[in-house]
Structure formats: structure tokens, C-alpha cells
Amino acid sequence: MFTGLIREIASVKSLIGSTLSIKAKLKTSLGDSIAINGACLTVTFVNSDSFSVELSPESQKHLVMDKYKNEVHIEPAMTMGDRFEGHIVQGHIDAIGIISDIKNLGNSYDIFIKVDKKHICFIVPKGSITIDGVSLTVNDVNADTFRLTIIPHTMKETLFKNYKKGTQVNIETDMFARYVAHIIKHQMQSDSLSWGEVDAINASF
């Protein structure tokens, strides 16, 4: 599990076949889980100043692979006793979005991201979302776009400073929204839900 708070911007040493090698200050061990641009990956090799992970064909199919060539966001998995900030992030990328507009508001930036309409139901106004591993808050949601507001500190300390209109991004929608939608969908396919069952689902989260 992760929080969506980037610990380091690391450099890609190489991507050969399915092996991605990262040069980083972060010290890792074999078997560690690391979120790289939001995707949870397993450390398979460790060197003095770098580590490697494997990108399976399934992973490569669901990620913006152009994002694994230069610099990347990295975050180690949480350990017991860590301070919890951000929001609950699994490291499971479930959509690829495209930045459709960036507006400089002076003291912040509005970023508009277009996504396939089938994912919009999992994106909640004032809810949490992870973009390339960064935990952010959704402001508005429309038919196939949503708006984020990013403060200058976040813009400066993440790769968002390099993004522009047309940039593709890895998206992990809110885990609880996905779970509730999945439960309700399958309940409705069998029997209609009573209000008591709806309340019970809500209470479980």
C-alpha cells in the first residue's frame, strides 16, 4: 500500500525488454514493492546506486510506457508504523488519461485531464485520485474530463512541471469508488438492492 506522496524523482538507467533499471538515492532490498509513476512493481535486482524491477507484458499494456524513459516518481510501500498522509493507494493503474488543458492561475494551476468515459464513474468530485503516483484531489468531473488544482510546491517538486497539453498520465481512481461500484453492479445483476443493503455497503467503507 502507498500514500501517493512522492519520495524522490529518480532517473531511468535503462529499459531493456521487461527490465527497468532505476538510479535512485532510495535504498531498496530484493522483493520490495516500489510505486514507479504510480505502478506497484517488485525489486528484482539491487546495485549500490540503483535497482531493477520487472514490467510484465500485462503491466506494459496498461501503463504510459513513454513515462519510463527519463525521470520517474518513486515511492516505497508503507511499513507498519509509518505516518499516513495522502490517501490509500494500491499502485494499480486502471486508466490512462490525457492532459487536455493547463491553466496558470498565479497561485495555483488548474489541470484538466480527459479519460475514457467508462472510468468517470470512479472519479468523485472532492475525492482522491492518483496521477503518475501523485495523490491529488478532484475538483470537478464532467462527461469525460476532470479538473485538478495543483499548488506551486507540488508543481515544482514533481514531474508535473514538465507536463503540457497532450501529455499522457497513469491514473489510479479511488479504490473505494471502484469497490462500491463493483458490489452494486453485481448485486443489481442478481437482485435489486434494498435501502438497508445500500446502507450496509456504505457503512463497510
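What the table shows:
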quantity: Near pairs, Cβ below 6 angstrom, 6+ apart or cross-chain, from segment 123-139 (under 14 Å from A39 (Cα atoms)) to any residue that is polar (S, T, N, Q) and modelled with pLDDT of 95 or more; calculated: D132/N37; D132/N170; G133/N37; V134/T158
quantity: Of residues in segment 97-109 being touching a strand residue (DSSP E or B) at 6+ places or on another chain (Cβ under 6 Å) and assigned to a strand (DSSP E or B), the one surrounded by the most Cβ atoms within 10 Å (Cβ to Cβ); calculated: G97
quantity: Test: residue in segment 53-68 that is within 18 Å of V89 (Cβ to Cβ), in a strand (DSSP E or B), modelled with pLDDT under 95 and out of contact with any Leu (no Cβ under 8 Å at 6 or more places or on another chain); calculated: no
quantity: Members of segment 149-172 that are in contact (Cβ under 8 Å) with a residue 40 or more places away in the chain and among the hydroxyl-bearing types (S, T, Y); calculated: T149, T158, Y163, T167
quantity: Out of E75, E58, sole residue that is crowded, with 17+ Cβ neighbours inside 10 Å, among the acidic types (D, E) and either without any contact (Cβ under 8 Å) to a residue 12 or more places away in the chain or in contact with a Phe, Trp or Tyr (Cβ under 8 Å, 6 or more places away or on another chain) (or both); calculated: E75
quantity: Cβ-Cβ under 9 Å pairs, at least 6 apart or on other chains, segment 87-116 side among the acidic types (D, E), far side assigned to a loop (DSSP other than H, G, I, E, B); calculated: D94/T173; D101/K165; D116/D144
quantity: Failed item, numbered, when K13 is tested on (1) without any contact (Cβ under 8 Å) to a residue 60 or more places away in the chain; (2) under 21 Å from the mean Cα position of the chain (by Cα); (3) surrounded by 16 or more Cβ atoms within 10 Å (Cβ to Cβ); calculated: (2)
quantity: Of all residues making up segment 110-123, the number that are crowded, with 16+ Cβ neighbours inside 10 Å and either farther than 13 Å from T167 by Cβ or among the aliphatic types (A, V, I, L, M) (or both); calculated: 7
quantity: Condition met for K67 (out of contact with any His (no Cβ under 6 Å at 6 or more places or on another chain), free of Cβ contacts under 8 Å to residues at least 60 places away in the same chain and either basic (K, R) or on the phi > 0 side of the Ramachandran plot (or both)); calculated: no
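The values are calculated or read from the model by the stated rules, or taken from the named source; none is laboratory data. Since we're looking at a predicted model, the values are computed, not measured. For neighbour counting, all protein chains shown are included, and Cβ atoms are generated from backbone atoms with ideal geometry for every residue, glycine included.
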